[in-house]
Amino acid sequence: MIEDDLRAAFARHEPLTPPTGPLRAAIDRLTIRRRRRRRRWQAGGMALALLGVLGIGVPLLTPERGGSPPATELLGESARPVPPGPLNILLLGIDGDGSAAARADALLLVHIPADRSRPYLMSLPRGLGVLIPDHGTDKLNSAFPAGAGSDRPDMTKGYELTRRTVAELTGVRVDAGLVLTYRAVRALTDAVGGVPICLSDRVRSVHTRRVFPAGCQHLDGAASVDLLRQRYGLPEGSHDRDRNARLFAAGLVRQATDQGVLTDPVRLAKLLVTVGPDLVASPDRATVLDLLRIAPTLRSVEPVGLGLPVAQPTARDGSVRADPTFVPELFRALREDRLEEWAARHPTLVDRPR
């Protein structure tokens, strides 16, 4: 009797039950959106890390004692809002593994505009004569060893003094920084299957006698590091090396994108594990995570390279000075977030994207 009453009650109320189809479809759509956001964030984060791999010859994230963070920590999500406005990331290249004092072999300022259109890579000549806070006037690459010290070099202090020097030179706030080693560049290049690069001039290595012909070619990790170290014998010396480094950075990001590395969580994690021993986190890790979260908002990850115009060396130490005709306007455009306009007015000083 009770069972019959229950069946009758269920039968009376069954027409009132809302259909499950629309609810299930809504749940499925929400799940898909969350997965896409997660994958997009991972891809963007690695794209920015790949930019860190440079336009430099060698690098490392502002070091923190205690080793490198796990990949999951670098790719983890943050509840903090994405930082608004333009952002500037300083990338340093050091010729060594950090166990001894070394000068910054290459320096690159990555500018991300407020409209998130695309990143700009500005090379800062290592021989640029600058005022180093509390250390007088010297070449820009001297700031790193001056801060790190020579007895037991502190990479964090080396980066911090370089950051202060660049901030005072350009007049912009430096939001975060990266540093890598040649070993990391080699491993990362091989992990993405090599890097395409088009050279305007033939380059002959003074270290290995390898010849890089003018034109387009595909470089493995060892060849990439060899090329990035070259400046002797180039028509414009360090200026040409800086340009080749910017071209390499753009090629590296392009290769990772074409190979699908940035959208494959498995390959992405494997890549981070490969480079992990040579990547350490900034003391302000939250800032780095916030910057990584900017990358998926970029309309294009294809960078625009900018060379800093310099006058011929006049000082006894061979340092160069910023060209007074172009550089003040360039730094003003950087401060006012108008690099796109500046690049349009000075096309000969720009590495155009593909």
Arrange the peptides 330-336, 341-347, 176-182 so that the one whose residues have, on average, the most other Cβ atoms within 10 Å appears first.
-> 176-182, 330-336, 341-347
Measuring from its Cα centre, the stretch 126-248 shows a charge dipole (+1 at each Lys and Arg Cβ, -1 at each Asp and Glu Cβ) which, in debye to the nearest 20, is 320
Using a 1.4 angstrom probe with every protein chain in place, what is the largest-first accessible-area order of T348, T189?
-> T348, T189
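The values are calculated or read from the model by the stated rules, or taken from the named source; none is laboratory data. All of these numbers come straight from a predicted model, not from anything done at the bench. For neighbour counting, all protein chains shown are included, and Cβ atoms are generated from backbone atoms with ideal geometry for every residue, glycine included. Note: accessible area is taken over every heavy atom of the protein model, side chains too, but ligands, DNA and RNA are not part of it. Shrake-Rupley method; radii C 1.70, N 1.55, O 1.52, S 1.80 Å.
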